[in-house]
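Below you'll find the structure, written out as structure tokens, and then a few comments.
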Amino acid sequence: MALLHRAEIRPTKLELLTAWLPSRGWYQGDAAAEVVRVAAYRFDDPAGEVGIETLLVRAGAGPVHQVPLTYRGAPLPSADAWLIGTVEHSVLGTRWVYDACADPVYAAALADAVLAGTGQAEEYFEVDGHREVRAPNMEITSDSGGIDVPTVGAIRRVVDGTLTVIVTDTVELTLVRRPGVAAATLTGAWDDVSMPLAYASVR
């Protein structure tokens, strides 16, 4: 479960993204338009230290972009290139906001969601000592059938692009930065087995 705080955040997450997104090669929004949120979902950090949120956003009439973020109470070592910025949270203090694709906590959570079908975190507020659940504004599902997920370990490489590839010690993950981008799949078949071999999209 993800505990939310009714707090002021300065600058806001969307203000950070409005400044940061135009610097990404895969971004196709209007650089002069304000970034707005379309939907969002969260994952749990089992240690309860890192906030993990994925925002689906757009600017003007541009396409929807998927931007996973992690929120940390201290800098993530060796990840300066992935730092989007810092915010001041009225409850939690200074938070370092990262493009989550370089964060091992996000990689582990994404692997669990895709391979084991763990789903998204239930979001709630604490109100007078009671939990007040916030209904999700989108749903995520996996068709994996519940694979045992190995310990993800360290992130070895991130190839940033329309399809961002995250390579860890034990799994390779691909994040679609612009959901709905047309992709073509190469499929192989042998005996009674048919499996995807590769897929590609036009940048």
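Solvent exposure of the stretch 28-177 amounts to 49 Å² per residue of accessible area, where only protein heavy atoms count and the probe is 1.4 Å. The heavy atoms of residue 148 offer some 140 square angstrom of accessible surface to a 1.4 angstrom probe. The residues packed around residue 29, meaning those with a beta-carbon under 14 Å from its beta-carbon, carry a net charge of +3 if Lys and Arg are +1 and Asp and Glu are -1. Mind checking the log10 I(q)/I(0) for the stretch 59-157 at q = 0.10, 0.14, 0.23 Å⁻¹? Debye, one equal scatterer per Cα, no solvent, two decimals. Here the Debye-derived log intensity ratios amount to -0.39, -0.77, -1.25.
Share of carbon and sulfur in the accessible area of the chain stands at 52%, probe radius 1.4 Å.
Over all distinct Cα-Cα pairs of the chain, the Kirkwood formula returns a hydrodynamic radius of 18.2 Å.
The values are calculated or read from the model by the stated rules, or taken from the named source; none is laboratory data. Not measured: the values here are computed from a predicted model. So basically every Cβ, Gly included, is an ideal-geometry build from the backbone, and we count neighbours across all protein chains shown. With ligands, DNA and RNA removed, areas are computed over all heavy atoms of the protein, side chains included. Shrake-Rupley method; radii C 1.70, N 1.55, O 1.52, S 1.80 Å.
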